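Participant: The structure follows.
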Amino acid sequence: AKVATSAHMAKQLGYLPETTIVTMDAANRFAAAHAEVIRLRRQGWRPAPDDGVLVLGEAMDARFRVMADNLAAGSQISQYDAFLARRLGWILTGGGITAPTVVPESYVLDLERTVFIELLQHPKTLARIESILKHNKPLRN
């Protein structure tokens, strides 16, 4: 599989539709996004109805935890990466739901918000955010 190194390349490879708007000017991105939202709204765009999200429950969460721990034990990811993977697994599997279940999107968004607020309390999360903002590079800590 090929990896796109730019938005233009992603369009050429067919990963993005040709109609995708690409703005190279970082100072103009917000204004371009805002204009696109206004345009879509005027055309009558509406979000898709919430048909729910399938979450796979505790058994799949256990698999996420085992995979994250194995990757960390093999030094393929850091201990903090494993912690983040376990938290992501908890969200994707329904946050303690015991069996596969369809839940409203808002339920999953609430789980995401809860974990995001929790992660903002961790110095390693803050260091990663700072690295992206200051250096435009991810930090592996």
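The values are calculated or read from the model by the stated rules, or taken from the named source; none is laboratory data. Remember, it's a predicted structure, so these values are computed and weren't measured experimentally. Glycine gets a Cβ as well: all are built from the backbone with ideal geometry, and neighbour counts include every protein chain shown. Areas reflect the complete protein model, heavy atoms only, side chains present, ligands, DNA and RNA absent. Shrake-Rupley method; radii C 1.70, N 1.55, O 1.52, S 1.80 Å.
Participant: Test ALA59 against the stated conditions and say whether it is open to solvent by 70 Å² or more (accessible area, probe 1.4 Å) and either assigned to a helix (DSSP H, G or I) or of a type in the set (Gly, Ala, Ser) (or both). Don't jump to the end; show me each part of the working.
Facilitator: On the way: open to solvent by 70 Å² or more (accessible area, probe 1.4 Å): yes; either assigned to a helix (DSSP H, G or I) or of a type in the set (Gly, Ala, Ser) (or both): yes.
Spelling it out, ALA59 is indeed open to solvent by 70 Å² or more (accessible area, probe 1.4 Å) and either assigned to a helix (DSSP H, G or I) or of a type in the set (Gly, Ala, Ser) (or both).
Participant: Answer yes if at least one residue in segment 111-129 is over 25 Å from THR20 (Cβ atoms), of a type in the set (D, E, K, R) and in contact (Cβ under 8 Å) with a residue 24 or more places away in the chain, and no otherwise.
Facilitator: Checking segment 111-129: at least one residue is over 25 Å from THR20 (Cβ atoms), of a type in the set (D, E, K, R) and in contact (Cβ under 8 Å) with a residue 24 or more places away in the chain.
Participant: If ASP61 passes every condition in (1) on the phi > 0 side of the Ramachandran plot; (2) under 19 Å from the mean Cα position of the chain (by Cα) but one, which one does it miss?
Facilitator: Here ASP61 clears every test but (1).
Participant: So which residues in segment 5-16 are over 28 Å from VAL108 (Cβ atoms), of a type in the set (A, V, I, L, M) and either modelled with pLDDT of 95 or more or not in a helix (DSSP H, G or I) (or both), if there are any at all? Steps first, please.
Facilitator: Kept after step one, since they are over 28 Å from VAL108 (Cβ atoms), are these residues of segment 5-16: 5-6, 8-9, 11-14.
From the residues that got through so far, the ones that are of a type in the set (A, V, I, L, M) too are 9, 13.
Answer for segment 5-16, where residues must be over 28 Å from VAL108 (Cβ atoms), of a type in the set (A, V, I, L, M) and either modelled with pLDDT of 95 or more or not in a helix (DSSP H, G or I) (or both): just LEU13.
Here is a yes/no grid of residues against (1) open to solvent by 60 Å² or more (accessible area, probe 1.4 Å); (2) assigned to a helix (DSSP H, G or I); (3) under 30 Å from PRO100 (Cα atoms):
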| site | (1), (2), (3) |
| --- | --- |
| GLU18 | yes, no, no |
| ILE21 | yes, no, no |
| ALA31 | no, yes, no |
| HIS34 | yes, yes, no |
| VAL37 | yes, yes, no |
| TRP45 | yes, no, no |
| ASP50 | yes, no, yes |
| LEU54 | yes, no, yes |
